[in-house]
Structure formats: C-alpha cells, structure tokens
Amino acid sequence: MNLTFKHKKITGILTVLPKNEVKFEDEMSNYHFSESKALKLKVTMGYNKHHIVEDGVSVSDLCTFGLEYLFSQQLLAKDDIDALVLVTQSPDYFMPPTSSVIQGRAGLKQDIICMDINQGCTGYIIGLIQSFLLLDQPAINKVALLNADILSRKVSKKDHNSNPLIGDAASITIVEKSDSEETVHCNIKMDGTRYDALIIPAGGFRQPSTPETAVMEEDIDGNLRSKDNLVMKGDAIFNFMQTEVPPMVEEILQTAGVSKDEIDYYMFHQPNRFMLNKLADRLEVPREKMPSNVVGDFGNASGVSIPTVITYNLGDKLLTNRYKTCLAGFGVGLTWASMVVELDRLKFSSIIYY
Amino acid sequence: MKEKILNILNGLRPEYDFRESANFIDEGMLDSLDVVNLVTDLEDAYGILIDGVDILPNNFSSVDSIINLLIKNGAKA
C-alpha cells in the first residue's frame with residue numbers, strides 16, 4: 001500500500017538509552033559455540049556490546065525521562081503536545097495503555113489523545129504514519145511519537161540467535177504541521193501468515209505463562225529458551241528481508257521520483273551488520289550510506305533502531321543541515337515498510353542516557 | 001574448488017568430517033550462524049559477493065551445492 005503525506009515534518013528526535021551496557025565477550029560462555037566461532041561472528045554480525053535496562057525499569061520510565069529532559073531543556077513545551085503515540089511490544093501493563101501512564105507521569109494536559117500501537121521492527125514508520133494521520137485533524141498541531149522496547153527481558157540469555165543483538169531503548173520524535181510542499185512518500189506491506197517467524201509464544205491470552213511454559217528447552221542449534229521467551233526463526237527472517245525489502249525500496253524510490261544517488265542516507269532497521277551489508281549490496285547502495293553500527297554499539301531495540309541510527313550517525317548535523325532519507329523497517333508481523341522523507345534542520349537530535 | 005571449500009568448512013567446524021556427510025544442514029554440522037561465517041570466508045577466498053537472496057540453507061548443504069552457489073555469484077570454477 002502506498003501512502004503520501006503533505007504539510008507534515010519531523011522537528012526533533014531524541015534517543016534514550018539505558019546506561020547499563022553488556023559486552024559480547026562477557027556473555028560468550030552462555031552460548032553453545034566455540035570461542036573462535038564467537039569472535040568471527042563478532043566481526044561479521046557486528047556484535048560488540050548492547051544496552052540493557054536494569055531490573056525494574058519499564059518503558060514508561062524511559063519515555064517519561066526523555067520527555068522531562070526535553071521539557072527541562074526547553075526543547076518541547078508540555079502543553080503543546082496534542083497527541084501521544086506510543087509504539088511498543090513491552091508495555092508496562094496489559095491494561096491500562098502505557099501511553100496513558102506516560103501522559104499522567106509527564107503531567108501532560110487532559111485535552112490530548114493517547115494511544116498504544118503494538119508493533120516492532122516496523123514500528124517507527126507505522127508510528128510516523130499514525131502521527132501524520134492525526135495531524136490532519138485541525139485540533140492537533142504537534143504529536144509526540146514514542147518508540148520504546150525493553151525486550152531483553154523476554155530473550156533467553158542462552159539464545160545465541162537473539163541475545164547478542166537485543167537492546168533496550170526509547171525514542172521521542174516530534175512531528176508537526178508544516179508549510180513545506182515536500183511530499184512524504186511511504187509504503188507498507190504485511191503478511192500475517194508468517195506471524196510465527198518472530199514471536200513470544202506464551203504470556204498472552206492464547207497461551208498464558210505457566211510453570212510449563214517457563215521450562216527451558218534446547219533447539220537444534222543449541223539455543224536454550226522457553227515458550228515465555230522471544231524466538232526468532234533466523235533463516236526465515238533473513239530470507240524475508242533479502243527478498244521483500246529490496247523491491248519495496250526500489251518501488252518507493254520510483255514512486256517518490258528520486259534516484260538512489262539522491263538519497264543521502266538509508267536509515268534502516270538494525271538487525272545486524274551482515275544483513276544490512278547484504279541489503280546495501282543488493283540495492284547497489286554504498287554501505288557508507290546505510291549505517292549498520294547500532295547493533296554493535298547499543299543493540300537492536302526493535303522500533304527504536306531507526307531513530308537511534310539517525311541520532312547516532314547524524315546527531316548535531318541535523319540541527320543545521322537537510323538530508324533526504326529513505327527509512328525502512330522490517331520484521332515482526334511480518335511487516336515491512338519504507339518512507340522517503342526529508343530531515344530538515346531539526347530542533348534537537350541527540351542521545352541521552354537513563 | 002572442492003578441496004578449497006572443504007578446507008574452509010574444516011576451518012569453521014573442525015570437529016566434523018565434511019567428506020562423509022550427505023547433507024551438512026540436515027545433519028546439524030552447520031547452523032545458521034555457521035552459514036554467516038561461511039559466506040564471509042567464501043567471499044574472501046573467491047573475491048566475490050554472494051547475493052543475499054542466495055543465502056538459503058539448501059545452498060550450503062553439500063560441497064556441490066556450494067560450488068553451484070559460488071559459480072552463480074561469479075566465482076571461477
């Protein structure tokens with residue numbers, strides 16, 4: 001599905017990372033493979049360290065901390081927020097919505113719409129789409145899009161497919177109405193027949209957590225995990241990305257009428273360095289234009305990976321410069337989406353630590 | 001080509017005898033992360049880039065399938 005938006009712009013991006021970092025070397029002994037294999041994977045996949053929340057820290061803690069930082073720095077006025085969109089797969093509670101919890105904790109006005117969206121790797125683009133749609137309302141001038149996940153809690157420490165790359169983080173993106181005639185182009189696709197390629201099998205209402213679902217079992221590759229843990233079918237996800245993402249990106253560039261060279265940066269979801277390099281090669285895009293350094297330095301925090309790759313690689317440059325970017329997210333659902341959008345002299349673009 | 005590939009495989013998983021296997025994947029000699037390391041080693045050894053869409057378990061199940069994969073991606077036989 002192709003979507004277009006006019007008179008909308010991103011005006012600020014803040015990434016909130018937990019201070020606590022865990023080094024790959026310190027966890028290698030958890031995995032069912034040799035040291036030489038692990039060290040080789042460190043280079044190929046980009047594993048280095050990942051930022052993980054301490055016990056007791058929740059999504060609302062990270063998001064409220066980020067909002068209060070923006071208020072204190074006078075980068076955002078509390079009463080200007082007309083809508084709060086939270087995209088997360090690790091809510092504080094099943095009910096109430098975590099966006100409501102954040103609205104209360106941050107002291108936001110009552111004349112506001114708050115909503116939670118359950119999305120992961122594509123969550124940044126889906127959150128932007130929802131924010132742009134809200135901005136079509138006359139009463140809504142500014143949306144705070146929050147992406148946050150702390151899925152490290154759901155990943156087995158003995159799962160070498162997922163644990164080395166998982167990260168926790170939150171981001172706040174401010175989206176506003178704009179006078180610009182620039183069109184934002186977007187496309188999105190979904191395939192729910194492959195819903196189980198990336199899943200936490202137990203803990204919901206279909207299969208509640210029980211002592212039985214917490215039993216650790218070893219898979220064919222030597223990963224130890226329970227049904228309460230996140231499981232990723234690595235081969236299926238890799239093949240999905242390599243087959244679905246390149247044509248999607250080609251299509252959106254064509255729809256937007258821009259060449260590959262005209263895109264300054266391809267800011268993609270950050271599963272691992274190997275996958276991103278393969279995507280860049282297949283798209284015939286220079287690897288330097290598609291940064292892949294988030295997994296190695298922070299971990300993959302699902303829908304937060306795109307704002308993180310933007311703030312980490314462009315940072316202050318975004319305060320004074322204008323870049324044409326192609327964003328792409330892909331994963332759980334399965335869902336894949338891309339967007340061609342200009343990032344033009346933002347009010348803030350930085351990373352802070354919780 | 002065959003010997004060179006066997007050497008690479010033995011370097012990755014020295015505990016296995018790849019000459020004796022009918023299917024490296026089905027017999028659990030290579031997992032998905034071994035395949036990632038194998039791709040990198042093959043690319044370095046043959047000076048090629050293997051297309052991401054070709055990185056499927058079946059293409060790494062035997063020496064013959066690896067040879068086909070390499071030739072498809074530009075390696076000289």
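Points worth noting:
- Couplings for region A:21-37, taken from phi via the Karplus curve 6.51 cos²θ - 1.76 cosθ + 1.60 with θ = phi - 60°, read 10, 10, 8, 4, 4, 6, 10, 4, 5, 6, 9, 8, 8, 6, 5, 5, 5 Hz in order; Gly and Pro are left as x.
- Positive contributions from Lys and Arg (+1) and negative ones from Asp and Glu (-1), summed over other residues with Cβ under 15 Å from the Cβ of A:Asp61, come out at -3.
- Tilt relative to chain A, helix A:234-256 - C-alpha long axis, 0 to 90 degrees, to 10: 20 degrees
- Rounded to the nearest Hz, the phi-derived 3J(HN,Hα) couplings of region A:138-155 under the Karplus curve 6.51 cos²θ - 1.76 cosθ + 1.60 (θ = phi - 60°) are x, 7, 10, 10, 9, 10, 9, 8, 10, 10, 7, 8, 10, 6, 4, 5, 9, 9, where x marks glycine and proline.
- Multiplying the residue separation of A:Leu3 and A:Asp264 by 0.36 nm and removing their Cα-Cα distance gives an extension gain of 91.8 nm.
- Over all orientations, the protein assembly as shown has a Cα convex hull whose mean projected area works out to 20.9 square nanometres.
- Extension gain from A:Phe205 to A:Glu342, taking 0.36 nm per residue of separation minus the Cα-Cα distance: 45.2 nm
- Axis of helix B:32-46 versus longest Cα principal axis of chain B: the two differ by about 50°, to the nearest ten degrees.
- Dipole moment magnitude, nearest 20 debye, the protein assembly as shown about Cα centre, only Lys, Arg, Asp, Glu C-beta charged: 720 debye
- Pairs of C-alpha atoms in region A:70-219 farther apart than 19 Å represent 62 percent of all such pairs.
- Label-point separation, A:Asp219 to A:Gln254 (7 Å along Cα→Cβ), nm: 3.5 nm
- Close amide H contacts of A:Ser349 (hydrogens built in the peptide plane, cut-off under 5 Å, sequence separation of 5 or more or a different chain): A:Ile13.
- Approximate spin-label separation A:Lys324-A:Glu244, in nm, with each point projected 7 Å along Cα-to-Cβ: 2.8 nm
- Taking a point 7 Å out from the Cα of B:Lys76 in the direction of its Cβ, the residues of region B:38-61 whose backbone N falls within less than 15 Å of it are B:45-48.
- Spatial separation of Cα centroids for region A:158-191 and region A:17-71, in angstrom: 19 Å
- Between the Cα long axis of helix A:273-283 and the first principal axis of chain A there is an angle of about 60°, rounded to the nearest 10.
Read-outs throughout are calculated quantities, based only on the coordinates presented, and are distinct from any laboratory measurement. None of the values given here were measured: they were computed from a predicted structure. Cβ coordinates were reconstructed from backbone atoms using ideal geometry, including for glycine residues, and neighbour counts include every protein chain displayed.
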